[in-house]
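Asks: Below is the structure I would like to discuss, written out as structure tokens.
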Amino acid sequence: MHILIDDTYFSRWQGGHNYLKNIMIALKESGAILHRLKRENEQLETEYPFDFTHVEKYPKKLSFNRLYWKLKRNKTWRKLNPWINQIDLTFQVANTDIQSNVKSVRWIPDFQHVEMPELFSEQEIHKRDKEFEEFAKDYDIILLSSYHAQSIFNKLYPFAASKSRVYQFTVNIPDEVYEITESQIREKYHLPEKYIHFPSQWWKHKNHQFIFEVMTQVEETVHLVCTGKEDDYRNPEYAGILKEFIKMEKLESKIQLLGDIPYSEMLAIMRFSNIVINPSSYEGWSTTVEEAKLFGKKLIVLDTPIFKEQLYNYGLIEILPKDEKCWLTSFSNLKDSPISNLDKSNKPKFNMNQILI
């Protein structure tokens with residue numbers, strides 16, 4: 001099967017790129033032949049551990065949906081680009097301009113603007129509502145990351161409920177992660193013997209403020225290592241507020257901010273941590289939770305429907321309310337938490353039929 005993917009939609013969101021990257025790896029492993037659309041000068045570049053059969057570049061400001069089908073009807077262009085006639089399925093590219101037997105798939109990450117509207121402006125909510133309704137109308141298949149998201153989609157767009165599919169994605173751990181030794185990663189980042197890893201971009205709903213407040217009450221032996229982009233475009237002042245809080249509360253010896261480091265090194269830090277946390281108030285499906293599961297890490301997460309769905313059969317977890325005393329108690333047990341670590345992951349194989357049927 002030949003699949004055409006446009007992976008440039010999530011220019012500000014690393015999680016979106018990670019999801020698409022993982023599903024492309026899964027498709028590749030299932031035997032699909034992948035073709036890629038790539039906008040020029042894209043903000044966030046995605047690196048893949050394989051080569052695409054074809055990569056088509058196009059101007060950043062141009063909608064590829066229109067360009068693609070316009071060119072597809074151009075006989076001269078088709079002769080020069082025979083790959084376009086081989087496409088069986090498009091991913092993130094709508095088939096709205098022509099009658100075609102090519103199936104189109106669109107991923108909707110979550111419905112955060114519906115469940116947590118306080119995080120969005122009225123303009124953003126209207127934009128998402130309009131966009132998601134267009135997706136529901138225009139695409140043959142709507143891919144969702146959880147059954148929780150599917151239930152919301154089916155209520156909002158009952159006319160398209162038959163189009164919805166769920167793929168609870170897993171992640172791909174690059175081989176080079178296992179080549180990084182514990183001593184190498186500890187020496188490079190000056191990591192203590194025991195630490196808690198908080199891998200997350202600094203979106204406000206990820207609750208860094210809450211965790212930092214918990215850290216004001218822990219013993220000096222409790223060390224928190226934070227990785228991830230220190231940015232929230234909806235709240236551009238947020239990162240500065242958090243850093244000022246660390247300074248005012250004299251938490252520099254307890255909280256280590258590493259920022260957006262290379263992916264393989266972030267995973268190595270996770271691999272040799274004692275505890276991984278995700279206190280986010282909202283997730284579509286957490287990539288970091290999937291990564292931690294593959295390493296066999298102890299996880300502490302906030303009590304939300306998604307985490308309960310994602311961790312229902314995982315044993316090394318604590319699901320806690322947003323209560324400082326509860327998190328303080330768990331953090332205080334760091335000294336008794338060993339480094340659990342699986343050498344290699346055995347993730348389930350991707351089944352194309354769960355999307356197409």
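Asks: If you go through the range 231-247 one residue at a time, do you hit one that is of a type in the set (Ser, Thr, Tyr) and closer than 24 Å to residue 117 by Cβ?
Replies: Looking through the range 231-247, at least one residue is of a type in the set (Ser, Thr, Tyr) and closer than 24 Å to residue 117 by Cβ.
Asks: I would also like to ask the following. Identify, please: which residue in the range 224-236 is buried (at least 16 other Cβ atoms within 10 Å of the Cβ) and in contact with a Leu (Cβ under 8 Å, 6 or more places away or on another chain) and is, among those, farthest from residue 328 (Cα to Cα)?
Replies: 230
Asks: Looking only at the range 117-162, count how many residues are aliphatic (A, V, I, L, M) and within 18 Å of the chain's Cα centre (by Cα).
Replies: 4
Asks: Next up: Does the range 225-264 hold any residues that are more than 16 Å from residue 201 (Cβ to Cβ) and touching a residue at least 12 places away in the same chain (Cβ under 8 Å), and which are they?
Replies: The answer is 245, 246, 249, 251, 253, 254, 255, 256, 264.
Asks: Follow-up. Of the residues 217, 201, which is within 17 Å of residue 267 (Cα to Cα) and not aromatic (Phe, Trp, Tyr)?
Replies: After ruling out the rest, the residue left standing is 201.
Asks: Is there any pair linking a residue in the range 136-148 that is free of Cβ contacts under 8 Å to residues at least 24 places away in the same chain to one that is aromatic (Phe, Trp, Tyr), with Cβ under 9 Å and at least six apart or on different chains, and which?
Replies: 137/157; 137/159
Asks: Just the residues that are within 19 Å of residue 292 (Cβ to Cβ) and of a type in the set (Gly, Ala, Ser), please, taken from the range 181-215.
Replies: Residue satisfying the conditions is 200 alone.
Asks: What do you reckon, is residue 279 touching a helix residue (DSSP H, G or I) at 6+ places or on another chain (Cβ under 9 Å) and more than 24 Å from residue 194 (Cβ to Cβ)?
Replies: So residue 279 fails the test.
Read-outs throughout are calculated quantities, based only on the coordinates presented, and are distinct from any laboratory measurement. Remember, it's a predicted structure, so these values are computed and weren't measured experimentally. All Cβ positions, even for glycine, are placed from backbone atoms using ideal geometry, and neighbour counts span all protein chains on display.
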